[in-house]
Amino acid sequence: MMLKIPAIFTPDEVRECRAIIDAGSWVDGNETSGHQSRLAKRNEQLAQGSEAAHRAGQMVLAAIGRSPLFVSGALPLKVFPPLFNRYGEGQTFDTHVDNAIRQLRGSDFRIRSDLSCTLFLEEPDAYDGGELVVQDLFGEHRVKLAAGDMVLYPASSLHHVTPVTRGVRTASFFWLQSMVREHGQREQLFRLDGVTQMLSAEKGGSDAAVIELTNLYHNLLRMWADA
Ligand code: NI
């Protein structure tokens with residue numbers, strides 16, 4: 001399941017985040033690459049562990065924690081500290097896989113990457129190209145969202161970023177380990193949560209069907225989740 005979440009950042013937060021990262025120090029994007037993706041990647045990345053990356057990363061973590069849609073769709077257990085990249089003219093990231101296990105350099109913090117997340121930090125009309133293309137059994141999904149919007153997709157998907165031909169594409173990207181490892185189970189929980197919210201808005205939280213659906217949700221979560 002691919003999930004698009006609008007307005008993770010307000011326009012003010014996009015500007016504040018951009019001010020922090022634009023003033024930071026940028027290095028070759030291959031700092032975080034695995035062997036295969038090293039061959040495919042041509043972009044720049046905000047220096048990992050830098051003050052700018054830390055401050056901007058905290059902004060992203062705070063914003064996703066406030067988003068009910070993010071929490072319901074991702075059921076996050078551990079989130080890797082957000083990274084930031086940018087693609088100038090001619091830069092691209094060819095088809096690659098994201099590493100299954102991510103270890104934070106110099107620490108014992110380690111996650112299994114279940115979901116990949118991209119938070120767009122530039123308006124789509126400010127650059128040409130730079131689409132995120134995610135492949136699954138239903139075909140190719142092309143994603144280029146407004147600044148402040150985010151997309152989540154299974155980290156198991158092959159994906160690439162098409163070459164930027166004008167302007168600069170700036171984004172935050174990171175991975176997370178979900179409490180629910182299986183994408184199919186997580187998707188059913190997300191749908192069940194959504195329909196429960198819909199019914200609750202219509203009938204109120206003390207409606208018998210709403211209570212039963214909520215019970216069902218939590219019992220499935222109890223069966224499938226690691227916490
Ligand atoms: Ni990737």
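The values are calculated or read from the model by the stated rules, or taken from the named source; none is laboratory data. Quick caveat, the model's predicted, so the values are computed rather than measured. Positions of Cβ are backbone-derived with ideal geometry, glycine not excepted, and every protein chain shown enters the neighbour counts. These accessible areas exclude ligands, DNA and RNA; they are computed on the full protein's heavy atoms, side chains included. Shrake-Rupley method; radii C 1.70, N 1.55, O 1.52, S 1.80 Å.
What net charge is computed for the residues neighbouring Ala7, neighbours being all others with C-beta under 12 Å from the C-beta of Ala7, Lys and Arg scored +1, Asp and Glu -1? Could you put the intermediate results ahead of the total?
Values: positive: Lys4, Arg66; negative: Asp12, Glu13, Asp149.
Around Ala7, the charge tally is -1.
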Handout entry: Helix axis angle, 11-22 relative to the chain longest principal axis, alpha carbon, degrees
Key = 40 degrees
Problem - Taking only Cα atoms of segment 41-189, radius of gyration then Dmax in Å - result: 14.9, 41
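Taking the solvent-accessible surface of protein heavy atoms with a 1.4 Å probe, what is the per residue accessible area of the chain in Å²?
49 Å²
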Handout entry: Derived scalar couplings ³J(HN,Hα) [segment 40-46; Karplus, 6.51 cos²θ - 1.76 cosθ + 1.60; whole Hz; x for Gly, Pro]
Key = 9, 9, 9, 7, 10, 9, 5
Exercise for the section: Name the residue, out of Arg38, Arg66, Arg15, whose mean-square fluctuation peaks in a Gaussian network model built on the chain with Cα pairs under 10 Å. Expected result: Arg66
Completion exercise
Computed ³J(HN,Hα) along segment 112-118: with the Karplus parameters 6.51/-1.76/1.60, θ = phi - 60°, integer Hz and x for glycine or proline, the list is 8, 7, 8, 10, 9, 10, 10
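What does the charge count around Val180 come to, taking other residues whose C-beta lies under 10 Å from its C-beta (Lys +1, Arg +1, Asp -1, Glu -1)? All intermediate terms of the calculation are to be shown ahead of the outcome.
Values: positive: Arg181, Arg186; negative: Asp114, Glu182, Glu187, Asp226.
Residues close to Val180 contribute a combined charge of -2.
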Fill in the blank from the handout: A 1.4 Å probe over the protein heavy atoms gives the chain a carbon and sulfur accessible-area percentage of 54 percent
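Applying a 10 Å radius around every beta-carbon, put 71-78, 202-209 in order of their mean neighbour count, most first.
Details: 71-78: 19.0, 202-209: 10.1.
Put in order of decreasing packing, that is 71-78, 202-209.
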Practice task
Measure nothing fancy, just the Cα-based angle from helix 51-65's long axis to the longest principal axis of the chain, in degrees from 0 to 90, nearest 10.
Solution key: 20 degrees
Practice task
Search the structure for amide H atoms under 5 Å from the amide H of Val27, placed 1.01 Å from N in the peptide plane, and list their residues when 5 or more places away or on another chain.
Solution key: Gln45, Leu46, Ala47
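Per DSSP helix of 4 or more residues, -39500 (n - 2.57); summed, then divided by the residues of the chain. What does that give at 222 nm, rounded to the nearest 500?
Values: 6 runs with 78 residues, N = 227.
Result for the chain: -11000 deg cm²/dmol, rounded to the nearest 500.
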Practice task
Obtain the nm distance between the two label points defined at His54 and Asn30 by a simple spin-label model: each point lies 7 Å from its Cα along the Cα-to-C-beta direction.
Solution key: 2.8 nm
Exercise for the section: Using a 10 angstrom cutoff on alpha carbons, build the Gaussian network for the chain and name the most mobile of Val97, Val195, Val180. Expected result: Val195
Handout entry: Cα-projected label distance for Thr95 with Lys203, points at 7 Å along beta-carbon direction, nm
Key = 4.7 nm
Exercise for the section: Pull up all non-local amide H partners of Asp136: gap of 5 or more, or a different chain, and H-to-H distance under 5 Å with H placed in the peptide plane. Expected result: His141
